[in-house]
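The values are calculated or read from the model by the stated rules, or taken from the named source; none is laboratory data. Computed from a prediction, not measured in an experiment: that's the story for all the values here. We place every Cβ from the backbone using ideal geometry, glycine too, and count neighbours over all the protein chains shown. Please note that ligands, DNA and RNA were not included when accessible areas were found on the heavy atoms of the full protein model with its side chains. Shrake-Rupley method; radii C 1.70, N 1.55, O 1.52, S 1.80 Å.
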Amino acid sequence: MKKRLYLELENCIGCRSCLAACTQCGGHEERNRNYVYDVNPLVNRQTMPLMCLHCVNPACARSCPAQAIQIHETGAVLSALVEKCIGCQNCTIACPYGIPKFDTEQNLMYKCDLCIDRTKDGIPPMCASVCPSNTLQWLTDEEIEAKQKQFNLDNGKWVTSMPYLEGETNVRVNLPGILQGVTKLF
Amino acid sequence: MQRDKFFKEIENLRHPNETLVKTHCSYCGMQCGMNLRVNTETNKIIGVEPRYDWPVTVGKMCPKGVTAYQQTNHDDRILKPLIRDDASLKGTKEGFREATWDEAYDLIVKNFQQLQRDYGKDSLSVYSGVSMTNEKCYLTGKFARVGLQTRYIDYNGRFCMASAAGGFMRSFGVDRGSTLPWTDLHETDCLFIAGSNTAECHPTSMFRVWAVQERGGYLIVADPRETPIARRADVHLDLRPGTDLALANGILNLLIQNGYADEEFVNNHTNGFEETKELVKEFTPEYTSELTGVAPEKIIRAAEIYGKAPNAIVMFARGIEQQVKGVDNVSGYTNMALVTGKIGRPKAGVATFTGQGNGQGGREHGQKADALPGYRKINNPEHVKAVAKVWGIEPEEMPKEGVSAYEMFGLMEQKVIRGLYLLCSNPAVSAPNLNYVREQLKNLDFMVCSDFYLSESAEFADVILPTTTWSEDEGTVTNLEGRCIKINKAQDPLGESKPDWQIHVELCERLGRGKYFSHLKTAKDVGDEFRLASKGGYADYYGITWDKIEKQDGVFWPCKDENDPGTPHMFLDKKFYHPDGKAKICALPYRPPAEEPDEEYPLRLTTGRVVYHYLSGNQTRRINFLRDMCPEPYVEVHPETAEQYNIKHEEFVRLYTRRGEAEYKVKITEAIRKDTVFVPYHFGHDKSINLLTIGALDPMSRMPEFKACAAQIEKLELKKVQ
């Protein structure tokens, strides 16, 4: 059963366990590939992860003159192939989310590959496995649909804002917030 | 058992030439399940893989847990015993030379015996910790009392769980940190959490906390800071540090006045209600607000939510416990559950967030100055008789009660204590009033430190013994639920390091006390003796076998025999552990912190943790990822306060109290009270905030007041760039 990375941004506690776990994935050479931001650090402790959304038609791959960015059959947008990447950094500019990172020493782009050595066999990626706050989850489409109903969202735009930015993504983001539409027990 | 909605059957990723060793984290009381990846050719730990099948944490880990394995084969490991011949270098890293175990043991035996000949048995002391297995904690107590025959043993739980223990003993007659399993948390209707920065200190509780709100339940948080958990609370009670008891009394008063008391429960299962009702009458929302600084409407709303909730759990941590009235704060908040009868059933109860990995088990089995295995008391002749029998000594040979951890430094000053055996702790960072404490360590006649890294405290030692990390030995620990679980060995000890229980046995053999220790050849031997020693005590582990732990995903104490499955929920029969079977509702007069702000020191200083570091930071400051995320301490200041002092974000200030001073970079944030500043305590040498904290102790638990003292800030004009 196909599963997707699903983000509930509002749950984030800023522990950066996802980044620590990212360094532990076999193919990641101990470098983390995503981001956690302090939203307004002088004011409060709100944080949010910025993960590769694995676009269905990814700008990074489209912009690559060397076809170094492959899309896996699971939909995961992979890190640049070492033998093909020419270090032009087009991808880092093209990505609307600023995901691809660049290693100036190796002249090589690297990015989240959704822990492809795990997810190709249906094992959750490291980030979603460890996330203590359930900001990052690994869910089936049915589970995601149930969440969509549960939160009774009013603007229909809970999936990454479709007509904007880059269009459909494999990763799903609960944008309006997990508590919107929740009825209190008493 | 207890496989809930978060539990999913997931296969682990398996690499060629690797095995996975099921175990738990080395750090906090959550004891998250983890698999250590071990290379089958080198037999070395090389990584971590989530343990999806552990029912409490289902694969989740915080950044400390993810990187915990990096401790074991770290370059900083001490691989051989170290001896320092030049005592003038004490307090520095200098002067140590490598030695053989025999030479180190001989030197220890010579000095210990000399001191005891000249100054008596009690001139030696043992200062221990609870970030180690029950087996080690148990044997440390026996090592002190039978091996060294000294009364002076205490442990770092005095800076951690001692107030919770005291409060629970008084309220319930028993001290099990949680009255219910963690798998109940997300199913309750209201979480009332006081003095716990849960998202940073026990992060893997958070998915259950958020799930309460997702179901429409409520979250109430009492904390001087708007921590990540307070940020999303339905009510954030932003109280002044050190005023918890007033808040607890104020809420209790509203619960009683507004008819939320459960009369049937109160009448049949508790004592002390009427007296307490009278005492808290004074704590009107207005008066409570005056004392705590929390707006009256927030107090009213919090009481209303807790009162109405069909099920609720009261939880707390060091924020309320590290005060001179820590025990009263614990009993004060526990009163809420007892008065409303929200205890003794699933999804309702009281819990403390245990700080250290084995903070629960380690305080039950005889490392405390006044305690013997099984939570027995050393001043109770019957208890002494039971343990003396297991140990093979005469009851008269049992040393008397000693003194608490911080008070041991006082005895060092008076030269009553002249020798110290330190293990599993780093008081040169973690104790309060550090200028004083470090001076006492320096003046010891002879000090031994067992550690796997050269900690700030090891810098004061004459001999350092290289011990193992948690992953190089096996044994049990008791997590914050009261669930006894199994730590498994993943690789052989690095270098010449040895587990502490083995060091104790070998040292006792050389001290001529081998007949009490030589039969202990393995960790399991120690475990079996410890189960027997706990038999019949409050904390009875006799029925907790390693097999049963494996079969049941852990065993909750009390567990009296082989057929007893253990006790996940306490008090289901509404029987408490006081002799009359009733719980005690405590009438607790309010008293302020030991040191209140004044003109000279107008700010309240409070301390705490960050998510990236554990306790004194001796372990986590060496892990690259964690150090990069938080390389140094800082002081949190509210923007309005900063403006008064003309300080800007990231400028340097001198922070000082009556006891000490340190320089910190300023972090401006609105997420703190204007009258309060906060500094994390994980850092050593001149960066330790405990240079400034106060050594005032709770009269019952002997817990220092880390969480509140009076301080002042001075802007540093020309701070050179570091």
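Could you check region A:87-144 for strands (runs of 3 or more DSSP E) lying wholly inside it with 1 or more residues that are under 16 Å from A:VAL77 (Cα atoms) and in contact with a strand residue (DSSP E or B) (Cβ under 8 Å, 6 or more places away or on another chain)? So that I can check it myself, show each step before the final result.
Details: elements: A:101-103, A:108-110, A:136-140.
So the answer is A:101-103, A:108-110.
Figure legend. Inter-residue proximity from region A:2-24: first residues under 18 Å from A:VAL173 (Cβ atoms) and among the β-branched types (Val, Ile, Thr), second residues modelled with pLDDT of 95 or more and in a loop (DSSP other than H, G, I, E, B), beta-carbon distance below 6 Å, spacing 6+ or different chains. Indicated pairs: A:ILE13/A:SER133.
For region B:239-288, filtered to residues that are among the aromatic types (Phe, Trp, Tyr) and open to solvent by 50 Å² or more (accessible area, probe 1.4 Å), the residue that is nearest to B:TYR333 (Cα to Cα) is B:TYR260. Pairing residues of region B:566-587 that are under 24 Å from B:LEU245 (Cβ atoms) with residues that are among the aliphatic types (A, V, I, L, M) and part of a loop (DSSP other than H, G, I, E, B), at Cβ distances under 6 Å and at least 6 apart in sequence or on separate chains, gives B:TYR577/B:VAL174.
As an exercise: evaluate A:ARG31 against (1) in a loop (DSSP other than H, G, I, E, B); (2) of a type outside the set (A, V, I, L, M); (3) under 19 Å from A:GLN89 (Cα atoms); (4) open to solvent by less than 20 Å² (accessible area, probe 1.4 Å) and give the number of the one condition it does not meet. Checking A:ARG31 against (1) in a loop (DSSP other than H, G, I, E, B); (2) of a type outside the set (A, V, I, L, M); (3) under 19 Å from A:GLN89 (Cα atoms); (4) open to solvent by less than 20 Å² (accessible area, probe 1.4 Å), the one that fails is (4). Close Cβ contacts (under 9 Å, 6 or more residues apart or on different chains) running from residues in region A:132-150 that are more than 12 Å from chain B (Cβ to nearest Cβ) to residues that are of a type outside the set (S, T, N, Q) and open to solvent by 70 Å² or more (accessible area, probe 1.4 Å) comprise A:ASP141/A:MET1; A:ASP141/A:LYS2; A:GLU142/A:MET1. Got at least one residue in region B:446-459 being closer than 19 Å to B:GLU529 by Cβ, of a type in the set (D, E, K, R) and touching a residue at least 24 places away in the same chain (Cβ under 8 Å)? No, because not a single residue in region B:446-459 is closer than 19 Å to B:GLU529 by Cβ, of a type in the set (D, E, K, R) and touching a residue at least 24 places away in the same chain (Cβ under 8 Å). For region B:1-36, filtering for residues that are surrounded by 23 or more Cβ atoms within 10 Å (Cβ to Cβ), in contact with an Asp or Glu (Cβ under 8 Å, 6 or more places away or on another chain) and at the interface with chain A (Cβ under 10 Å from one of its Cβ atoms) leaves 1.
Going through region B:554-570 one residue at a time, which ones are part of a loop (DSSP other than H, G, I, E, B) and surrounded by 21 or more Cβ atoms within 10 Å (Cβ to Cβ)? Show your work before the answer.
Here is the first cut: in region B:554-570, the ones part of a loop (DSSP other than H, G, I, E, B) are B:554, B:557-570.
Across region B:554-570, the qualifying residues are B:GLY554, B:TRP557, B:PRO558, B:CYS559, B:GLY566, B:PRO568, B:MET570.
May I ask you to list the residues in region A:89-105 that are in contact (Cβ under 8 Å) with a residue 24 or more places away in the chain and over 15 Å from A:ARG33 (Cα atoms)? Within region A:89-105, A:ASN90, A:ILE93, A:ALA94, A:PRO96 meet the criteria.
Residue by residue, here is whether (1) closer than 24 Å to B:THR468 by Cβ; (2) assigned to a strand (DSSP E or B) holds:
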| position | (1), (2) |
| --- | --- |
| B:LYS5 | no, no |
| B:LYS8 | no, no |
| B:GLU11 | no, no |
| B:GLN31 | yes, no |
| B:LEU36 | yes, yes |
| B:GLU41 | yes, no |
| B:VAL48 | yes, yes |
| B:ASP53 | no, no |
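Scan region B:424-470 for residues that are among the aliphatic types (A, V, I, L, M) and under 14 Å from B:GLY129 (Cα atoms) and jot them down.
Restricting attention to region B:424-470, the residues satisfying the condition of being among the aliphatic types (A, V, I, L, M) are B:428-429, B:431, B:434, B:437, B:441, B:444, B:447-448, B:454, B:458, B:461, B:463-465.
Passing the criteria: B:ALA428, B:VAL429, B:ALA431.
If a residue must be basic (Lys, Arg) and either open to solvent by 10 Å² or more (accessible area, probe 1.4 Å) or at the interface with chain A (Cβ under 7 Å from one of its Cβ atoms) (or both), how many such residues does region B:49-70 contain? Step through it out loud before you land on a result.
Within region B:49-70, the first condition is being basic (Lys, Arg), and the residues that meet it are B:51, B:60, B:64.
Narrowing further to those that are either open to solvent by 10 Å² or more (accessible area, probe 1.4 Å) or at the interface with chain A (Cβ under 7 Å from one of its Cβ atoms) (or both): B:51, B:60.
So the answer is 2.
Residues in region B:219-231 that are within 13 Å of another protein chain (Cβ to nearest Cβ) and either open to solvent by 20 Å² or more (accessible area, probe 1.4 Å) or closer than 17 Å to B:VAL314 by Cα (or both): B:LEU219, B:VAL221, B:ASP223, B:GLU226, B:ILE229, B:ALA230, B:ARG231. Taking the criterion of being crowded, with 24+ Cβ neighbours inside 10 Å, facing chain A (nearest Cβ under 7 Å) and of a type in the set (Gly, Ala, Ser), the residues of region B:198-218 that qualify are B:ALA199, B:GLY217.
Remark: A:ARG4 falls outside the filter, which requires a residue to be surrounded by fewer than 19 Cβ atoms within 10 Å (Cβ to Cβ), more than 9 Å from every other protein chain (Cβ to nearest Cβ) and not in a helix (DSSP H, G or I). Residues in region B:364-384 that are assigned to a helix (DSSP H, G or I) and in contact with a Lys or Arg (Cβ under 9 Å, 6 or more places away or on another chain) were compared, and the one that is farthest from B:TYR127 (Cα to Cα) is B:GLU382.
Scoring B:ASN73 on the criteria (1) more than 17 Å from B:LEU454 (Cα to Cα); (2) at pLDDT 95 or above; (3) surrounded by fewer than 17 Cβ atoms within 10 Å (Cβ to Cβ) leaves a single failure, condition (1).
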